[in-house]
1. For residue A:200, go through the lysines and keep the ones whose alpha-carbon is under 18 Å away, minus same-chain ones fewer than eight residues off.
2. Only helices at least 30 Å long along their axis, Cα-based, and averaging -0.5 or more on Kyte-Doolittle count here, so list those DSSP H runs from chain B.
3. Under 15 Å from the Cβ of residue A:106, count the other residues' Cβ atoms, weight Lys and Arg +1, Asp and Glu -1, and hand me the total.
4. May I ask you to list the trypsin sites (Lys or Arg not before Pro) in segment A:69-150 that are in a DSSP loop and have at most 11 other Cβ atoms within 10 Å of their Cβ?
5. Just to confirm my numbers, what's the Cα centroid distance between segment A:96-128 and segment A:304-334 in Å?
6. Percent relative contact order of chain B, based on C-alpha pairs within less than 8 angstrom and at least six residues apart?
7. Where does segment B:3-317 land on Rg(C-alpha)/(2.2 N^0.38 Å)?
8. Round to a whole angstrom and tell me the spacing of the C-alpha centers of segment A:132-190 and segment A:355-369.
Amino acid sequence: MTVTASQRELTVGVGAAGLATADMTLNIGPQHPATHGVLRLRIVLDGERIVSAEPVIGYMHRGAEKLFEVRDYRQILVLANRHDWLSAFANEVGVVLAVEAMLGMEVPERATWTRTLVTELQRVLSHLMFLGSYALELGAITPMFFAFREREDIQTVLEELSGGRLHYMFNRVGGLRADLPAGWTGRCERVIETIKPRMKDIDDLMLGNPILLARTRGVGVLSQDLIKAYGVSGPIARASGVDVDLRRDAPYLSYGELFVPGGPGKVVTRQEGDGMARLEVLLEQTKVSLDVAHACVQRLAALPRGPVNQRLPKVLKVPEGESYFATENPLGFNGYYLASLGDKTPWRLKLRSASFGNVQVLSEMLPGQLLSDMVSILGSMFFVVGDVDK
Amino acid sequence: MSVLEAVIRSVAVVAAFLVLPLLVGQTEHKFMAHMQGRLGPMYAGGWHGWAQLIADAAKFVQKEDVIPAAADRGVFRIAPAVALIPYMAGLAFIPIGDGIVGADVPASAFAVLAALGVGILGHLMGGWASANKYSMIGAMRGAAQLVAYELPMVLAVASVALAAGTLSLSGIVEQWQPWWLLWQLPGAIVFFIAALAEINRTPFDMPIADSEIVFGAFTEYTGLRFAFFLLAEYAGIVVMALLFTVLYLGGWAGPLAASLGVVWTLLKAWIIAAIIVWMRVSWPRLREDQLHRLAWVWLIPIALFQLALTAVVVVMTR
């Protein structure tokens, strides 16, 4: 939606006895505390009411897809890691699964369960981040600190596993970089068990708070039509009652076993489609992910020792052909369309990122809202700017 | 009053004005930190970071005083003073012990409220003169907020004044009896909420709202002028907490009031300040129109009810 000249025109006050009022164009971002990153919103304000809003993206465009084409499959992981920096491991997994599918490669069971475990821990990390930042945007400062306390514990075990705290680089085509450190499963299980009861602290602060309810209930309602039209996915879509979760609907890794009836995996949905619903979905998904991670870590501890990767040729070439592989990232569908000519680099690796859809629907959601509600909506449309700009 | 006495009183008020906000600030640092599973400042000054705010002040002094090119320079410069001085003036009228007051005037309750009403002008001037859209929106929100809290606050104070039969804050404390805690409770709640809105504290910090409008009227301010705005905020907490103590909690009333009176006043006010900090830790921010709704649907009717209740009791008992 573009801002037309007529919208910026001076409108002479009709009933206000000759008082001239003009709409104000306000650039929220690219540097603004609420856009976490460099998203820019060009909004036209009439008082505090938003007349039109246009997300301006591309400030962080790094040409990831073009770079993929001149990197071999090991190097691609480093890049794929970074577009959504809050779910690095989940991004890695998407690439390696796409490549493995085209190679027809079997991955050792141990590696698959470890990948599932870390992917779920990654989901918890990402969700905690957004739970904290959403509250912060609404003026509540404490949930952020609680969220970071939990994040710190998870990052510690992941750091022990991979050496990284944000960009793990633990996947390799055909498996993992290394086996789990001795005793790691026990430490990981302990962390999950400490965090689970502590989630109640965040619950208590956020759910049922009358002010939070007033700020989020009925604010920024997203209809299912808009979701389908704009390709919104993930927790945001599920908060509007769109019951889609690739972990259950197109299972990859070990999710087929986990998302069975009676299993730890559950797809969380809400019907309201407002900010509160999105918050509730996020909170509950975090708990579900902790349960799933718990099941994974127990399974992993019971698995016999074995290889965690495949021996790869010196030069890894993917056979000619094309395939699309999508995963349920913390923020929504993350898809890789891989077209190969049989070289050591892909001919094209198209990335479908979740945040892009989540941000572009803003131009439909924001008009008619108050400036204060813009922040409430923006905070609940969980996105990472790097994931938008790629 | 001799010149010497006037000087001593003024110096004492200024000293209190500079020290008490720092105490509140340090309380906020530490309370917030421990409520959020952190330690807060631990290094400045050695013992539990007691000198953190002094270090902050030293940093603010060293910073460049930037004035935006498009700003209205004169107004931009004096705005922090306009925001700060009313609180100093207000502090001068509030007694903290029997006869211990900066300036003992007959209608001190009225004087304090009148002084506090001026503070918002500083925000408006700063917001307007900054030539920044966020500042402008912040200032406008502040002005809109004024309408919501000023009336309930005045009504709540009027009720206490009616109960005590005097507009003097010292007189109110002398008349105060413990059962007023119950009698004036609705008014006290209204006053507390209105006071939070007056000093732009959570959940009514919409004029500042850092995640929405960057920092409202203070966006363009740096260095010492910014520090003055911050000091005004914490001075606001001090003044409101002391005023609440004097109006509703009996000021220096307590065991050994003759010798420990000042301690009781400060302790009570400190607890109120701690509650104000607590609210910031636990609550998000309301929307401007929601504050207005709260004010017109709840605060003003409750304040009017309190006024009527006070009047009835006063007529029946005297």
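1. A:287
2. B:3-35, B:73-93, B:108-129, B:133-164, B:223-248, B:257-282
3. +2
4. none
5. Centre-to-centre (Cα) distance: 8 Å.
6. Worked out over chain B, it gives 24 percent.
7. So segment B:3-317 has a normalised radius of gyration of 1.00.
8. That distance is 30 Å.
Only the coordinates and a few stated rules stand behind these numbers; no lab work does. As the structure is a computational prediction, the values presented were derived from the model and not from experiment. Heads up, the Cβs are rebuilt from the backbone with ideal geometry, glycines too, and the neighbour counts pull from every protein chain shown.
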